[in-house]
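Reviewing the structure listed below.
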Amino acid sequence: MSYKAKKCGIRFEPPAIILVYEKTEGKPRQRIMPIRNFSKFSDCSRAAEQLKNIPRHRQYLEDVSLKQLERLYKLLKAHLKGETLEVSLSNIQKEETVDPEEDLNKLDDKELAKKKSIMDELFEKNRKKKDDPDFEYNVEVDFPQDGVVESCGWDEESEDGF
């Protein structure tokens with residue numbers, strides 16, 4: 001039997017993941033998956049993986065990404081810490097975006113890996129593939145020279161001829 005996930009959300013009291021899905025015949029149904037043994041100190045990514053691997057929930061959660069489940073667990077964790085929904089949503093949004101002005105050289109290895117995975121995901125989402133209808137091969141673009149062109153010291157030839 002095939003299940004197609006339509007919506008996935010979280011309920012705070014009592015904690016549960018709620019999934020709206022359709023069976024093959026198309027009638028919408030709802031599945032409530034209670035969250036047990038989760039506290040404000042729990043690991044959200046591990047909890048999401050465990051939920052996705054529970055045999056009785058696995059077939060329902062096939063269409064739900066691990067990242068989405070992890071976000072829902074982060075919302076629950078923030079709720080358990082006493083944060084409002086708006087604050088926790090803005091924190092998650094800030095955590096899952098890359099600030100172009102941020103100096104990535106100052107991050108530790110774990111944070112840098114997280115930022116790189118966010119950039120890779122964004123790249124893959126925006127990448128034009130051969131099968132896309134608006135795909136063009138070998139696109140050449142001339143960038144306008146409105147302002148003064150700044151030169152850098154590293155791209156000038158040195159006295160040694162290198």
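Points to keep in mind about this one:
- Among residues that are buried (at least 17 other Cβ atoms within 10 Å of the Cβ) and more than 24 Å from S117 (Cβ to Cβ), R11 is not included.
- Being crowded, with 17+ Cβ neighbours inside 10 Å, of a type in the set (D, E, K, R) and touching a residue at least 12 places away in the same chain (Cβ under 8 Å) is a property that R31 has.
- Test: residue in the range 81-92 that is within 30 Å of E13 (Cα to Cα), touching a residue at least 24 places away in the same chain (Cβ under 8 Å) and not β-branched (V, I, T): yes
- Any hit, the range 117-138, residues being in a helix (DSSP H, G or I), touching a helix residue (DSSP H, G or I) at 6+ places or on another chain (Cβ under 6 Å) and of a type outside the set (S, T, N, Q): no
- Every residue from the range 62-87 that is closer than 22 Å to V20 by Cβ and surrounded by 17 or more Cβ atoms within 10 Å (Cβ to Cβ): V64, L69, E70, R71, L72, Y73, K74, L75, L76, H79
- Condition check for K77: over 16 Å from the mean Cα position of the chain (by Cα) and over 25 Å from L122 (Cα atoms): yes
- Any hit, the range 97-105, residues being at pLDDT 85 or above and either assigned to a helix (DSSP H, G or I) or over 23 Å from the mean Cα position of the chain (by Cα) (or both): yes
The values are calculated or read from the model by the stated rules, or taken from the named source; none is laboratory data. Predicted, not measured: the structure shown is a model, and the values here were computed from it. Neighbour counts are summed over all protein chains in view; Cβ atoms, including those assigned to glycine, are modelled from backbone coordinates with ideal geometry.
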